[in-house]
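Structure first, then comments.
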Amino acid sequence: MKYRSFGHYVTRARKQRGHSIRHFAARPGVAPSTISRLEEGSRSLPHADLALALIEHLDLDTATAIGLLEPYQRLVQASLPSLAEYLDITTR
């Protein structure tokens with residue numbers, strides 16, 4: 001199955017396991033609202049720590065995880081200045 005987003009994958013995996021959002025959020029130690037926002041798409045890119053915790057919690061293989069998160073990473077990188085540019089600005 002093709003997933004539209006990381007949040008869509010999380011929703012499907014959670015429901016397949018028969019977990020409520022509250023139960024599912026307990027293991028990675030986040031608020032249920034965080035999982036809810038991720039699933040709804042209002043939070044499209046989880047912080048790295050949360051992404052890693054969810055990947056582990058879901059037993060998600062690396063290739064699938066990269067495929068689900070890569071489009072967001074490219075979007076973020078395109079909208080932010082590069083680290084080199086940032087460092088050049090802050091050292092002046």
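Values quoted throughout were computed directly from the atomic coordinates according to the rules given, and no laboratory measurement underlies them. Note that the structure is predicted; figures quoted are calculated from it, not measured. Here Cβ is always computed from backbone atoms with ideal geometry, including for glycine, and neighbour counts include all displayed protein chains.
Between residue 23 and residue 66, the distance separating the two model label sites (each 7 Å from Cα on the Cα→Cβ line) works out to 3.4 nm. Net length available on complete extension from residue 8 to residue 36 is 9.0 nm, with 0.36 nm assigned per residue and the Cα-Cα distance removed.
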